[in-house]
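The values are calculated or read from the model by the stated rules, or taken from the named source; none is laboratory data. Because the structure is predicted, anything quoted here is derived from the model rather than measured. Cβ sites come from the backbone with ideal geometry, for glycine too, and all protein chains shown count toward neighbours. What goes into the accessible areas is simple: the full protein's heavy atoms, side chains included, and nothing from ligands, DNA or RNA. Shrake-Rupley method; radii C 1.70, N 1.55, O 1.52, S 1.80 Å.
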2 protein chains.
Amino acid sequence: MYEPLTEQKAVALAIRLGLFQEDALLSCQEIGDGNLNLVFRIVNERTNDSIIIKQALPYAKVVGESWPLTLKRATIESQALRTFASYVPQYVPKVYYSDETLAITVMEDLSHLQIARRGLIEGKTFPKLSEHIGEFVAKTAFYTSDFGMNQQQKKKLAQQFTNPELCKITEDLVFTDPFFDHDTNSFETELRADVEQLWQDDELKREAAKLKRLFLTKADVLLHGDLHTGSIFASDDDTKVIDPEFAFYGPIGFDLGQFFANLLLNALSRHESEREPLFTHIEKTWDVFVRTFTTCWQESNEPYARVSFVLDDIVSDALVEAIGFAGCEVIRRTIGLAHVADLDELPLERRLEAKRHALRLGRELIVQREHLPIHAIKRLVQQTAHVNS
Amino acid sequence: MYEPLTEQKAVALAIRLGLFQEDALLSCQEIGDGNLNLVFRIVNERTNDSIIIKQALPYAKVVGESWPLTLKRATIESQALRTFASYVPQYVPKVYYSDETLAITVMEDLSHLQIARRGLIEGKTFPKLSEHIGEFVAKTAFYTSDFGMNQQQKKKLAQQFTNPELCKITEDLVFTDPFFDHDTNSFETELRADVEQLWQDDELKREAAKLKRLFLTKADVLLHGDLHTGSIFASDDDTKVIDPEFAFYGPIGFDLGQFFANLLLNALSRHESEREPLFTHIEKTWDVFVRTFTTCWQESNEPYARVSFVLDDIVSDALVEAIGFAGCEVIRRTIGLAHVADLDELPLERRLEAKRHALRLGRELIVQREHLPIHAIKRLVQQTAHVNS
């Protein structure tokens, strides 16, 4: 039966699993933010070896509100980490153990790395970030797609990763609420005129509807489902993707789009002269994605993989999707329920300026998505810096 | 444990289920074609009341070959019939009982109707056919889509209708093999030059790849999955859709496309002056589909359902898909493994002419699908009647 762990019980579990030597001197600390999960860090004080025990809580707290949330997400998370590890073990934490009833995943401790969002806010560059994420997305996408996996097995994997409750959160908070006058939205009073303009923008909403429909219907590849910079641990050399509890079979461009959007939001939080590393990351992620996906493509058993332009069609669709999804993410992180620290930590005047810029940028990413090569994103950021520019 | 029924056991089952009065005088006949299923017809000789007991066989026989085929398809079939019945009970046989282990569905006997393909070959018109199929497809599509059903429930329904084995048959026989030199293909020696031209047609294959990918990835609505004219019982007044063992969540245009294609194949089997009823059926099916879908649309709880042009986008996508899928079906029924009696029963010279016409028509349906309003299909049939016309 499910019960929340205490620090004592977490240690007892670690011992029972034989994850430490017998003479270990174990200490344990709960280091989660308490909104969704308990996170216990257990350290052997003699050797400094450590592990993480993550346990899902049966509710979510966001901005003071609390609603029930399925424990099944812990199983999705551990299964996704294991699936990803079979293709790119270097980019995910090792999973040592999982327990469906207790909603527990026991895994590698990554405390020596930093959450990428925090590092980027501090001005760090993480020079390998784009190379690693480009490879992570390309390989997990290819090998779980109909081109890299037996197509019948893929259907069973998609069935296993059916994730209605977590998808519902994205459907509402990313694709719907920010585009309508909904009470989950949250933004500075000063932005009301800008936001109301967006709610009345039928051209934008028609395109957002297409992107939502792709998210609802396109069972293309196994996605992380929440690949923002807060789901990535990084250092100068290493990159680890964590927290895939939103994993499901969705459109190939979604993870890329979320990642691009969060790099763009960080760029908007900076002075114009300091944005280049973010644009470089976006372009390099895309280049590595295309190069890696193209290399994997040679392994495909699908007869159509050898037909001219089929690969090109899939890659250009992926970019159109990624740019459109990035636009939705930029908008929802600006006026929706869940914000990003990159913008929210700015002083009011700069924050308002950055958020107005984000709304204009998000709109154009969505509306122009079919006509934007990857290097045009930087230009679009410049063009949307001011109204009517 | 599974075992094939005998006529005696079928009667015993009918009695056990209490489907006939106690004084019934029951006779039983196996009337299936023996390729995929046993079909027992049980009649009360006193009252002429009758039922059908259909049992899946654990193998499929097609053109002399035999391969194992999952019994799970009987469960898919009875669940699909029940799901369809909740929206359009008038267009499916009543299901009285089903047994997963025995792979049995006990249902309404429709012997008073005729298989539509056979009737069309005989020159019958079935005046209500298009109105009924248009409504059947519109309502089953809408109410199982993200616009007509709770989006979380829809994901669970899609999970339940995961159907890898039967989808594999369509993936191979409709979307792949006919476009490549594959040994399942079957066509008259005289057609070899035409078929080789098709296999070398990279523009066509690039578009067929997109259609196959839609079939593989777009979990849009619950489809019948095999809606050709042999899956429809009809009379002047009634229409009943049978055999949904291929049911799965797929692209909204697929069922329409299969239906259109089989009407077109019947048209090609006729003299030019006798084709009008088929074109009328195609256009009317589409009109009724659009009208019914649009009426249902008003019930949608999806916020984007009230945004301008969202319905128009979905309807025009559905037509593009339907026309493309129709092209694939026309081609595969001409040179693939499973043919249609409409063409195969023609004398050789007329058959070759009709099949060459079908190959040209199928190609243009696929390649031009984004630019064909529904009434252009008739013109396209005329334009492809001869080479280079």
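Being modelled with pLDDT of 95 or more, of a type outside the set (S, T, N, Q), outside the structural domain of residue B:255 (by TED's automatic domain parsing) and in contact with a Lys or Arg (Cβ under 7 Å, 6 or more places away or on another chain) is a property that does not hold for residue B:43.
Taken over the stretch A:102-131, the criterion of being within 15 Å of the chain's Cα centre (by Cα) and open to solvent by less than 20 Å² (accessible area, probe 1.4 Å) is satisfied by A:116, A:129, A:130. Close Cβ contacts (under 6 Å, 6 or more residues apart or on different chains) running from residues in the stretch B:155-179 that are more than 7 Å from chain A (Cβ to nearest Cβ) to residues that are in a helix (DSSP H, G or I) and charged (D, E, K, R) comprise B:166/B:73; B:174/B:332; B:175/B:212; B:178/B:332; B:179/B:205. For the stretch B:7-30, a residue qualifies if it is without any contact (Cβ under 8 Å) to a residue 24 or more places away in the chain, surrounded by 13 or more Cβ atoms within 10 Å (Cβ to Cβ) and more than 12 Å from residue B:41 (Cα to Cα), and the qualifying residues are B:9, B:12, B:15. Per the listing A:89, A:68, the residue uniquely outside the structural domain of residue A:276 (by TED's automatic domain parsing) and within 19 Å of the chain's Cα centre (by Cα) is A:89. Counting only residues that are within 10 Å of another protein chain (Cβ to nearest Cβ) and touching an Asp or Glu at 6+ places or on another chain (Cβ under 6 Å), the stretch A:203-230 holds 2 of them. When residue B:237 is tested against (1) away from chain A (no Cβ under 11 Å); (2) touching a Pro at 6+ places or on another chain (Cβ under 8 Å), just one condition goes unmet, and that condition is (2). A count restricted to the stretch B:36-60 and to residues that are closer than 16 Å to residue B:104 by Cα and open to solvent by 60 Å² or more (accessible area, probe 1.4 Å) stands at 2.
Residue count for the stretch B:132-154 under the criterion of being within 12 Å of chain A (Cβ to nearest Cβ) and open to solvent by 20 Å² or more (accessible area, probe 1.4 Å): the result is 6. For the stretch A:21-52, a residue qualifies if it is more than 20 Å from residue A:74 (Cβ to Cβ) and touching a helix residue (DSSP H, G or I) at 6+ places or on another chain (Cβ under 6 Å), and exactly one does: A:26.
Is there a residue in the stretch B:343-359 that is closer than 22 Å to residue B:207 by Cβ and free of Cβ contacts under 8 Å to residues at least 40 places away in the same chain? There is no residue in the stretch B:343-359 that is closer than 22 Å to residue B:207 by Cβ and free of Cβ contacts under 8 Å to residues at least 40 places away in the same chain.
When the helices (runs of 4 or more DSSP H) confined to the stretch B:136-206 are screened for residues that are out of contact with any strand residue (DSSP E or B) (no Cβ under 7 Å at 6 or more places or on another chain) and closer than 26 Å to residue B:224 by Cα, those reaching at least 2 such residues are found at B:151-160, B:164-170. For the stretch B:334-363, filtering for residues that are in a helix (DSSP H, G or I) and either open to solvent by less than 20 Å² (accessible area, probe 1.4 Å) or of a type in the set (Asp, Glu) (or both) leaves 15.
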